[in-house]
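Visitor: The structure under discussion is supplied below as structure tokens; questions concerning it will follow.
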Amino acid sequence: MGGFSLGCGLGWSAPSVEILKDKYSYNEFSTNVIAAVFPLGAALGMPVIPFLIDKIGRKWTMMALVPAFLLGWIFIAAGVSELTLLIIGRLITGACGGMFCVVAPMYSAEISEKQIRGTLGVFFQLLLVVGILYAYCCGYSRNVIVTSALCGAAPIIFACIMIFMPESPLYYLSKDNEEAARKSMRFFRGPDHSVDAEISAFKEQVEKSRRHTVTISIFKKKPVMRTMGVAFGLMFAQQFSGINAIIFYCETIFRQTGVDMDPLLQMVIVAIVQVVACVASAALIDQLGRKLLMLISCGVMCCCLVALGFFFILKSNNAQAADDLFWLPLFSACLYMLAFCLGAGPIPWAYMGEIFPTKLKGIASSSAAFFNWTLAFIVTVSFSSVVNAIGIAAAFFFFAVICGLSVAFVVFFMVETKGKTFAEILREFGTYDIDEQ
């Protein structure tokens, strides 16, 4: 439900931007700012994450975000005709949603058995796209206040569910509370399941992490730099695939195609495809692995973006031929979203929860997430200006090139983590005994 809450914030923009223009006379610059401050807020929220998850734990970090999340939605609903209040509300909801991106996958990875860790990691992205679909459907109210109020219910539902969940067993062990860790593990495994082996592995991991002194120098060591490089590379591939440009401006893009179909309906269709793709990803990630799904995802996205680019070129030069291909934008966007949600969407977040040593996890994960959301802000705030300067076709071709380069990055640098314990993954990256190197 943390992912669902984030999805509501991401999906809110697409239907609301057009309503703000039509009913409240917002100009294009203002709506660009309203859309773009959400990822900016997410980036600004990252610095506090390492402190919170180590001091109060994964569960209570997420619980502490609920009041702020609600306050953000109240600002948005109450200030729909006031740009300043809208911006403040979007910044707050963005900050809370961005923090969920770090803490929720981390919590999920730490409570999961290794055989299904990938599947459960994808559930964050699955609920995120369900949240986007929900926000799109709320857009049928054609009322920004109603849409905001409906989206604001998500954090409340999250709090009502999460209050009954235990803290991560790995966090309890880091605080020398083995009894609580065992109780937590039994909650997730069942009372008749032996948890000794997993507790022992976690204790070994915690003991190793305590020998890590978190200083700037440790991040300069080659194994850590390599791990950080892979995490940052996957985040770059995710954001410069053009996903936020398409999500935030989905309705606007479909309006420009001239296709005779309700743009909001097209958005809902695309969101449904996202949900289906995430279900497929959850089913396949622990069978096919993270690396293969990323390769398929980036390759298909590249082809879809090329198709969209050619459609807009054709629309400018031969409108009749473009009309004959009226189905191409929706088909390409749906296939693009399917491919994104199969790999490039969920895997970087799930992967980030697996690859960092316990002691470095908070700082490393939050810095990668900060990088991700900063890129999301840059893409979102500049997309309209770039389109005006070079044309929408050229913008899609640029994103297609990035997707093509991402395929090569995944082939040469990404390490497969399917079916491996945390210790095995750290040994693969060379960070298991980092202080001894």
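Visitor: Express the carbon and sulfur contribution to the solvent-accessible surface of the stretch 214-436 as a percent, rounded to the nearest whole number, probe 1.4 angstrom.
Guide: Using a 1.4 Å probe with all protein chains present, the stretch 214-436 comes out at 71 percent carbon and sulfur.
Visitor: Same structure, new question: Across the stretch 19-26, in residue order, what do the Karplus-derived ³J(HN,Hα) couplings come to in whole Hz, using 6.51 cos²θ - 1.76 cosθ + 1.60 with θ = phi - 60° and x for Gly and Pro?
Guide: 5, 4, 5, 6, 9, 10, 6, 6
Visitor: Additional query: List the pair-distance distribution P(r) of the chain, using every Cα-Cα distance, as the percent of pairs falling in each 10 Å bin from 0 up to the bin containing the longest distance, rounded to whole percents.
Guide: Result, from short to long distances: 5, 22, 32, 24, 12, 4, 1, 0 percent.
Visitor: Could I ask something else about it? Would you grab the residues whose amide H sits under 5 Å from the one on GLY242? Only those 5+ places off in sequence or on another chain, please, with H modelled 1.01 Å from N.
Guide: Result for GLY242 returns nothing.
Visitor: Give me a comma-separated list of calculated 3J(HN,Hα) values for the stretch 175-180, in order, Karplus coefficients 6.51, -1.76, 1.60 applied at θ = phi - 60°, integers in Hz, x for any Gly or Pro.
Guide: 9, 6, 10, 5, 4, 5
Visitor: Then there's this: Under 28 Å between alpha carbons, and skipping anything fewer than 8 positions from LYS418 in its own chain: which lysines qualify?
Guide: LYS59, LYS114, LYS183, LYS203, LYS208, LYS220, LYS221, LYS222, LYS291, LYS359, LYS361
Visitor: With bins 5 Å wide starting at 0, give me the P(r) of the stretch 271-316 over every alpha carbon pair, in whole percents.
Guide: Calculated over all Cα pairs of the stretch 271-316, the distribution is 5, 18, 18, 22, 16, 9, 7, 4, 1 percent.
Visitor: May I pose another question? Between the helical axis of 346-355 and the dominant principal axis of the chain, each derived from Cα atoms, what acute angle in degrees is found, rounded to the nearest 10?
Guide: 20 degrees
Visitor: At 1.4 Å probe radius, can you tell me the per residue accessible area of the chain in Å²?
Guide: Normalised by residue count, the accessible surface of the chain is 38 Å².
Visitor: So how long is each side of the stretch 7-153 along the principal axes, counting just the alpha-carbon atoms, biggest first, in Å?
Guide: 51, 28, 23
Visitor: In the full protein assembly as shown, how much of CYS137 is accessible to a 1.4 Å probe, in Å² to the nearest 10?
Guide: Near enough 60 Å² of accessible area.
Visitor: By how many degrees, 0 to 90 and rounded to 10, does the Cα axis of helix 222-239 deviate from the longest principal axis of the chain?
Guide: Roughly 30 degrees, rounded to the nearest 10.
Visitor: Right, something else. If you average 1/r over all unlike Cα pairs in the stretch 365-437 and invert the result, what Kirkwood radius do you get in angstrom?
Guide: Evaluated over the stretch 365-437, this radius sits at 15.6 Å.
Visitor: Given Cβ point charges of +1 (Lys, Arg) and -1 (Asp, Glu) and nothing else, what value in debye, to the nearest 20, does the dipole of the chain about its Cα centre take?
Guide: 740 debye
Visitor: Loop sites only, by DSSP: take the chymotrypsin sites (Phe, Trp or Tyr not before Pro) in the chain that have at most 15 other C-beta atoms within 10 Å and name the longest stretch containing none of them.
Guide: Values: sites that count: PHE164, PHE326, TRP327.
Counting only loop sites that pass the neighbour cut-off, the longest clear stretch is 1-163.
Visitor: Can you list the HN-Hα couplings for the stretch 271-287, worked out from phi with the Karplus curve (6.51, -1.76, 1.60; θ = phi - 60°), rounded to whole Hz and with x for Gly and Pro?
Guide: Rounded to whole hertz, the list is 5, 4, 4, 4, 4, 4, 5, 5, 4, 5, 5, 4, 6, 9, 4, 8, 9.
Visitor: Stick to the Cα atoms of the stretch 290-395, pair each with every other, and give me the Kirkwood hydrodynamic radius in Å at one decimal. Display every interim value, and only then the final one.
Guide: On the way: mean 1/r = 0.0623 Å⁻¹.
One decimal place: 16.0 Å for the Kirkwood radius.
Visitor: Now a separate question. On the principal axes of its Cα set, how long, how wide and how thick is the stretch 214-436? Give whole Å, largest value first.
Guide: 67, 36, 27
Visitor: Gaussian network model of the chain, Cα springs within a sub-10 Å range: biggest mean-square fluctuation belongs to which of LEU20, LEU127, LEU305?
Guide: Judging by the Gaussian network model, the answer is LEU20.
Visitor: Scan around TYR432 for amide H atoms under 5 Å from its own, H built in the peptide plane at 1.01 Å from N, and keep only partners 5 or more places away or cross-chain.
Guide: Distant-sequence amide H within range of TYR432: ARG427.
Visitor: Check cross-link reach from LYS315 to the aspartates and glutamates: straight Cα distance under 12 Å, and skip same-chain residues fewer than eight apart.
Guide: ASP323, ASP324
The values are calculated or read from the model by the stated rules, or taken from the named source; none is laboratory data. Just so it is clear, the model here is predicted, and its values are computed rather than measured. Neighbour counts are summed over all protein chains in view; Cβ atoms, including those assigned to glycine, are modelled from backbone coordinates with ideal geometry. For the accessible areas, the whole protein counts, side chains as well, though only heavy atoms, and no ligand, DNA or RNA atoms are used. Shrake-Rupley method; radii C 1.70, N 1.55, O 1.52, S 1.80 Å.
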